[in-house]
Amino acid sequence: MTRYARAAAMAFRAWPLLLAAALLGGCATTPAPRGTGDLGLIVQRADGRVSLVDASERAELAEIDGLGDLSHASAVFSRDERFAYVFGRDGALTKVDLLRGRIVARVQQAGNSIGGAISGDGRLVAVSNYEPGGVRVFDARTLEPVARIPARYGDGERARVVGLVDAPGERFVFSLYEAGEIWIADFSGGDEPSITRIRGVGRKPYDGLITPEGRYYIAGLFGEDGLALVDLWHPERGAREILAGYGRGEKRLPVYKMPHLEGWAMVDDYALLPAVGRHEVLVVDRDDWHEVARIPVHGQPVFVMAGPDGREAWVNFAFPRNDTVQVIDMDTLKVDDTLTPGRGVLHIAFSARGEEVWLSLRDDDAVAVYDADTHEPLARLPVPRPSGIFFTDRADRIGL
Amino acid sequence: MLIRNSAFLRRLRRTAFPLLLIAVTVPALSAAGTPADAERPAALRGRSLGSIVREDCGACHGLRLTGGLGPDITASALSGRDVGALAATIEHGRPGTAMPPFGPLFSPAEIRAIARGLKSGRYLQENDR
């Protein structure tokens, strides 16, 4: 990164620490207390660091160091939006105090991890692990271990766990990549979960999402063209495949980056989903889950994110077409704008009310802020190799 | 595991041999065989192979190459593999897994350089762009 960017980051870093020191010391110049509803974290994937940002100021308040290998790192928030739980690739789970800008608890809980979730009551944090394959659950307050769920299948081998989300009723739902299964772990009865196992959901589920009202869990399939759908009101009915054979026999392109599924792109009657190995966004009707449209786009979609008003959805693309973002008009279901914000667009995040879109530009060491309405750039923050952007409003959303 | 390995070895024998031929018959590919930077997708322009390996291979193998959806590809994990076999995997991918072919993006010389770089462990010691 440039010297300028580093200097700017340093300048921003100093003040909240002073603020925290002043608060703790109770000194005469105690600044006004602040809320956390306008804060967010940006993962600096290469440096094991997260940036604490103020969304309205569009400024970095602090950098928090020492989080380990943050490739593919993600975060969830405590219900009071004071604490973030960061899930690192190296199996570490780190609890960060946003007000004090520092780590308050950290546990090395597995060898290789891919994400996590927090229960609806805020009591439990679950981590999905590749190595050893399974889910571990921790007390959100202390990070003391609560439960282990080894993802055993077949002759006792362990599958890698992907697509872990929280669901209403103190449940966690996740998929087993090698096993082609979806499991529901129900913690409503206490610390010993009851597990519902749904077998044969399709080949190689690679990620999952839960719809915003918490009823449907959808796993994307890498091993076939289609997605697995579970109605969490009726898990006894098992999974059904939707958009089966959406590739219609055409050969897939090489997949250089797996798409991500998140419950953002649910708009009115439609759900927007990335196609695997195709330059297409798939649109399904949420009433009966039939295909409505296939929207041709610039590359293989990674994230498809709709704003909270549902007017438009922003899409980024897999390597090597990751310098472009397209905007889909939800009225016409067509691409209505193509932007080239910078190199290595890894993540898209709307501000809580949706007036701004933040984009992480990994290979430009920057986060760009765009006007969601005009698609004009508003600001650019220097952040070394940014990836995930997480605002605290996620705390109140099911599955995020 | 054994079955998968032997199928993989059979495939390697098919793919590694023509690759070796290319390497032998077109010497000094390093300059001539590399597509001009301007002809590359923007995502590759001006970036070192190490950066591409860490950041983009790292999407599946992890930024520190210790594995994720893809296996561990640190130098110690690859100690039993020779450069030609590795290069063949990079070029053609591994059908039936999530490993895609990188032949469409890189020249054979670059792919061999990546294979050698992985074996040497140098990508984890560097931090260039």
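Within 10 Å of each Cβ in B:51-58, how many Cβ atoms from other chains are there, averaged over the peptide?
Across the residues of B:51-58, the mean count of other-chain Cβ atoms within 10 Å is 5.
How large, in percent, is the carbon and sulfur part of the accessible surface of the protein assembly as shown at a probe radius of 1.4 Å?
Answer for the protein assembly as shown is 53 percent, counting heavy atoms of protein chains only.
From the protein chains alone at 1.4 Å, what is the descending order of accessible area for A:K251, A:K334, A:K257, largest first?
If we order A:K251, A:K334, A:K257 from most to least accessible, we get A:K251, A:K334, A:K257.
Roughly what percent of Cα-Cα pairs across the protein assembly as shown reach past 39 Å?
23 percent
Could you grab the relative contact order for chain A? Cα pairs under 8 Å, six or more apart, rounded to a whole percent.
This gives 11 percent for chain A.
Within chain A, what is the longest stretch that has no GluC sites (Glu not before Pro) placed in a DSSP loop and near at most 13 other beta-carbon atoms within 10 Å?
My reading of the result: A:58-212 is the longest stretch.
What residues from the stretch A:163-182 fall in the zone where the backbone N is under 15 Å from a label point 7 Å along the Cα-to-C-beta line of B:A98?
Of the residues in the stretch A:163-182, A:163-164, A:175-181 have backbone N under 15 Å from the label point off B:A98.
Output ³J(HN,Hα) for the stretch A:148-162: one whole-Hz value per residue in order, computed from phi by the Karplus curve 6.51 cos²θ - 1.76 cosθ + 1.60 with θ = phi - 60°, and x for Gly and Pro.
Listing the rounded values in order: 10, 10, x, 8, 8, 8, x, 8, x, 6, 10, 8, 6, 9, 10 Hz.
Would you please give the residues with an amide H less than 5 Å from that of A:V146, counting only those at least 5 places away or on a separate chain, with H modeled from the backbone geometry?
Correct list: A:V137, A:F138, A:D139.
How far apart, in nm, are two points set 7 Å out from the Cα along the Cα-to-Cβ line at A:R34 and at A:R252?
4.5 nm
Could you pull out every residue, at least 5 positions away or on a different chain, whose amide H is within less than 5 Å of the one on A:G399? Hs are placed 1.01 Å off N in the peptide plane, and Pro or chain starts have none.
Correct list: A:D166.
Would you list A:T374, A:T324 from the most to the least accessible area, probe 1.4 Å?
Solvent-accessible surface, decreasing: A:T374, A:T324.
State, as an integer percentage, the relative contact order of the stretch B:47-129 based on alpha-carbon contacts under 8 Å between residues 6 or more apart.
35 percent
Provide a whole-number value for the mean count of partner chain Cβ atoms within 10 Å of the Cβ atoms in peptide B:59-72.
Mean shielding by partner chains, rounded to a whole number: 6.
What is the Cα coordinate range of the stretch A:288-400 on the first, second and third principal axes, sorted by size from largest, in whole angstrom?
Principal extents (largest minus smallest coordinate, Cα): 43, 34, 26 Å.
For a quick check, take a GNM of chain A with Cα springs below 10 Å and name the residue from A:V162, A:V230, A:V255 with the largest mean-square fluctuation.
Highest fluctuation of the listed residues: A:V255.
Averaged over peptide A:65-74, how many Cβ atoms belonging to another chain are found within 10 Å of each residue's Cβ?
Per-residue shielding by partner chains comes out at 3.
Per residue, how much accessible area does the protein assembly as shown have with a 1.4 Å probe, in Å²?
41 Å²
Could you check the spin-label model distance between B:N127 and A:E291? Points 7 Å from the Cα along Cα→Cβ, value in nm.
4.7 nm
Under a crude label model (7 Å from the Cα following the beta-carbon direction), how far is A:R215 from A:R141 in nanometres?
Inter-label distance under the simple model: 3.5 nm.
Counting Lys and Arg as +1 and Asp and Glu as -1, what is the net charge of the other residues whose Cβ lies under 10 Å from the Cβ of A:S56?
Once positives and negatives cancel, what remains is -3.
As an exercise, use a Förster radius of 30 Å and the Cβ-Cβ distance of A:T338 and A:D309 to find the FRET efficiency, rounded to the nearest 0.05.
Computed FRET efficiency for A:T338 and A:D309: 0.90.
Go ahead and estimate [θ] at 222 nm for chain A from helices alone: -39,500 (n - 2.57) per DSSP H run with n ≥ 4, summed, over the residue count, rounded to 500.
-2000 deg cm²/dmol
Near the amide H of A:Y216, under 5 Å away, which other amide H atoms are found, from residues 5 or more places off or on another chain, if H is placed in the peptide plane?
A:T211, A:L232
In the stretch B:47-129, how does Rg compare with the Kirkwood Rh, expressed as the Rg/Rh ratio over alpha carbon atoms?
Over the Cα atoms of the stretch B:47-129, Rg/Rh equals 0.92.
How many Å² of accessible surface get buried when A and B come together, counting both sides, probe radius 1.4 Å, rounded to the nearest 100?
Interface area, both chains combined: 2500 Å², rounded to the nearest 100.
Short version: ³J(HN,Hα) in whole Hz for each residue of the stretch A:327-340, in order, from phi by Karplus 6.51 cos²θ - 1.76 cosθ + 1.60 (θ = phi - 60°), x for Gly and Pro, what are they?
10, 9, 7, 6, 6, 9, 6, 10, 5, 10, 7, 10, 10, 10
The values are calculated or read from the model by the stated rules, or taken from the named source; none is laboratory data. It should be emphasised that the depicted structure is a prediction, and the values quoted were computed from it without experimental measurement. Note: ideal-geometry Cβ built from the backbone for every residue, glycine included; neighbour counts use all protein chains shown. To get the accessible areas, we keep the full protein, side chains included, count just its heavy atoms, and leave off ligands, DNA and RNA. Shrake-Rupley method; radii C 1.70, N 1.55, O 1.52, S 1.80 Å.
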